Amino acid sequence: MSNFEKNLKQHMATLDNNIEKLMDERRNLDWGHDCDCEYCYRDELPPDGTEERASEIDKEVKEINEFKKKLMRHVELTEKDRKK
């Protein structure tokens, strides 16, 4: 077993931590004030760049999740080869 495979849990934890940070950033973006309360007269759109950044974050999270799947597939194949 290589060092990479020995440290897989740490690598996955780092990736999960990166996802968590990105999702926190997305939640903290300024989305303006959009509410359908019958008493509310405020209707502020999100500032320029908010939706674009949210899309970038979504893309980054998707890429990280795809990378995690590739890592897991690599480990599965490595274990299968080792058992032969």
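Overview of results
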| read-out | value |
| --- | --- |
| Elements of type helices (runs of 4 or more DSSP H) in the chain, at least 3 residues being modelled with pLDDT of 90 or more and acidic (Asp, Glu) | 8-27, 50-83 |
| Of residues in the stretch 9-27 being under 17 Å from Asp58 (Cβ atoms) and of a type in the set (Lys, Arg), the one farthest from the chain's Cα centre (by Cα) | Arg27 |
| The stretch 48-63 residues that are on the phi < 0 side of the Ramachandran plot, paired with ones that are surrounded by 15 or more Cβ atoms within 10 Å (Cβ to Cβ) and not aliphatic (A, V, I, L, M) (beta carbon under 6 Å, 6 or more apart) | Ala54/Arg26; Ile57/Arg26 |
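The values are calculated or read from the model by the stated rules, or taken from the named source; none is laboratory data. This structure is a prediction, so every number in the text was calculated from the model and none was measured. Backbone-built Cβ (ideal geometry, glycine too); neighbour counts: all protein chains shown.
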